[in-house]
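Nothing in this text is a laboratory measurement; each read-out follows from the coordinates by a stated rule. Just so we're clear, the structure is a prediction, and the values are computed from it rather than from any experiment. Don't worry about glycine lacking a Cβ; one is built from the backbone with ideal geometry, like all the others, and counts go over all protein chains shown.
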Amino acid sequence: MGEGEMISESARYLAPSVQGGGDAWGAETAAAGRRGTQKIVRAGEVVAPGRVADLLAVERGGQVVERRRIMYLDGEPCELTDTYYPVEIARGTGLAATARIRGGAVRLLAELGHVGVRAQEDVVARMPSGSERAALSLKDAEPVLELTRLTLDAEGRPIQVDVMIMPPRGQKLRYEIRIG
């Protein structure tokens, strides 16, 4: 691993934490000897962006629950994360509120009876918007990676969509694929 590089393993974000454990981001960064924190910017019901509506199988213009966060690594902003849930899963739960969720959102989802067993991820490189550039303290010509993760339950129902925006510097995404 290079200087300042973080390896993010997606599988850590699919399994619920153990009772009394912290969230996946904090655990992943602590394992690397770093400090990962987050700030919840907003949470609640919103009109689903078109791509999110399609992924969650929600009617275009329909409502979803969104949690918008800024992730920090050693005190510096490193990722913007918007997480979306179908309203029938998240309405009236901690997922729709700005308070921290003990053990993380994946654990709360599991407690609500929604366990992710499969994920699909798409990663694209693009230029950031002005607000993304400012929030991540990017240089003018610096691109971002946009990782979109769809999490499905055992019946193939979509239960969560994450859209993560991050600068490519210091990023290494790791995927383990098991066949059979």
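So here's what we get for this one:
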quantity: Mean projection area, nm², convex hull over Cα of the stretch 22-69; calculated: 4.3
quantity: Local net charge near Arg126, Cβ-Cβ under 13 Å (Lys/Arg +1, Asp/Glu -1); calculated: -3
quantity: Mean-position separation - Cα centroids, the stretch 23-46 and the stretch 99-138, in angstrom; calculated: 9
quantity: Relative contact order (%) - criterion: Cα under 8 Å, at least six apart; region: the stretch 52-106; calculated: 31
quantity: Antiparallel bridge percentage (DSSP; both residues within the stretch 6-170; nearest 5); calculated: 100
quantity: For the stretch 6-170, the fraction of alpha-carbon pairs in successive 5 Å shells from zero, as %; calculated: 2, 9, 17, 22, 23, 16, 9, 3, 0
